[in-house]
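The values are calculated or read from the model by the stated rules, or taken from the named source; none is laboratory data. Keep in mind that this is a model prediction, so the values were computed, not measured. Neighbour counts run over all protein chains shown; Cβ positions are idealised from the backbone, glycine included.
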Amino acid sequence: MGSYTILEDLGPLEAGTYTVRYVAEARRTDQPYTGETKTFTWQFVVIDSANGTKAIEYYNPPRDHYFLTTSATEIALLDSGYFPGWQRTGESIAVIKSGSPVADFASTCRFYGKPEAGLDTHFYSAYRSECDYLIANAADAWILESEDAFRIFPVDLATGACPVNLVGVHRAWNGSVDVNHRYTTSDAIQAAMVASGWVAEGSGPNVVVWCALPPDVPVQ
């Protein structure tokens, strides 16, 4: 089994996105290396956790709908029972607060599907193309509630990859006229949703739509 030794400490880094290039070689430390080397790169993000927050997930069993919000007002109303039928699932996604000056993180637009269009649901997207499409072509059904509900790191659309210290967010669609989506960082939850008939949406072999902060990051 191999191991790696970091010969130089990167030291304290300012917030931002970094790409590290490293060379892997296998040899005895007391002998010169004469074999093949492999060069790799990986990306990581340094974040001030003061800019982070939690998007809390709720579930409405009679409707089989999920809802995600970072709004303190909405969270208080949902927890109080003001909106009947909604309950916390115990799941959340760590994201960057809307309006935070964090480089390389993208704004997530939030839409509300009109009940008169048979929807009564919310939809989030960090893809500018999806946001613009709904604004231009579906304004009769979808109301733009926010251009910046919260912020996430864009996934690599070709590979579905996230920086090594972030986590991928899955999106599942219920495939119904009564549209609803569920967002989760859990591979197990996503697999269960797909097994129950929901459709996985996203990029790469793991089908990822965004990159979020890891759940153990101390955010507000």
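Residues of the stretch 166-220 that are under 18 Å from Phe105 (Cα atoms) and among the basic types (Lys, Arg): none at all. Check the stretch 83-105 and report whether any residue there is of a type in the set (Asp, Glu), at pLDDT below 95, closer than 22 Å to Asp216 by Cβ and assigned to a loop (DSSP other than H, G, I, E, B). There is at least one residue in the stretch 83-105 that is of a type in the set (Asp, Glu), at pLDDT below 95, closer than 22 Å to Asp216 by Cβ and assigned to a loop (DSSP other than H, G, I, E, B).
A single entry from Phe111, Phe150 fulfils the requirement of being under 20 Å from Tyr59 (Cβ atoms), without any contact (Cβ under 8 Å) to a residue 40 or more places away in the chain and out of contact with any Gly (no Cβ under 7 Å at 6 or more places or on another chain): Phe111. Scanning the stretch 112-145 for residues that are of a type in the set (Phe, Trp, Tyr) and over 17 Å from the mean Cα position of the chain (by Cα) returns Tyr112, Tyr133, Trp142.
Restricting Leu119, Leu77 to residues that are out of contact with any His (no Cβ under 6 Å at 6 or more places or on another chain), in a helix (DSSP H, G or I) and not β-branched (Val, Ile, Thr) narrows the list to Leu77. If we keep just the residues of the stretch 76-103 that are touching an Asp or Glu at 6+ places or on another chain (Cβ under 8 Å) and among the charged types (D, E, K, R), which is farthest from Pro214 (Cα to Cα)? So the residue we want is Arg88. Consider the stretch 140-158 and keep the residues that are surrounded by 14 or more Cβ atoms within 10 Å (Cβ to Cβ) and not in a strand (DSSP E or B). The one that is modelled with the highest pLDDT is Ala141.
For Gly197, the conditions (1) at pLDDT 95 or above; (2) surrounded by 13 or more Cβ atoms within 10 Å (Cβ to Cβ) are fulfilled apart from (2).
Rundown of residues vs (1) acidic (Asp, Glu); (2) modelled with pLDDT of 95 or more; (3) within 21 Å of Ser146 (Cβ to Cβ), yes/no style:
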residue	(1), (2), (3)
Tyr33	no, no, no
Thr39	no, no, no
Asn51	no, no, yes
Tyr59	no, yes, no
Ala76	no, yes, yes
Gly81	no, yes, no
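All conditions in (1) of a type outside the set (Lys, Arg); (2) farther than 18 Å from Thr69 by Cβ; (3) touching a strand residue (DSSP E or B) at 6+ places or on another chain (Cβ under 7 Å) hold for Glu130, with the sole exception of (3). If you go through the stretch 63-85 and keep only what is at positive phi and either surrounded by 14 or more Cβ atoms within 10 Å (Cβ to Cβ) or touching a residue at least 12 places away in the same chain (Cβ under 8 Å) (or both), you end up with Asp64, Gly85.
Name the residue that is surrounded by the fewest Cβ atoms within 10 Å (Cβ to Cβ), counting only residues in the stretch 86-107 that are in contact with a helix residue (DSSP H, G or I) (Cβ under 7 Å, 6 or more places away or on another chain) and β-branched (Val, Ile, Thr). Filtering the stretch 86-107 for residues that are in contact with a helix residue (DSSP H, G or I) (Cβ under 7 Å, 6 or more places away or on another chain) and β-branched (Val, Ile, Thr), the one surrounded by the fewest Cβ atoms within 10 Å (Cβ to Cβ) comes out as Val102.
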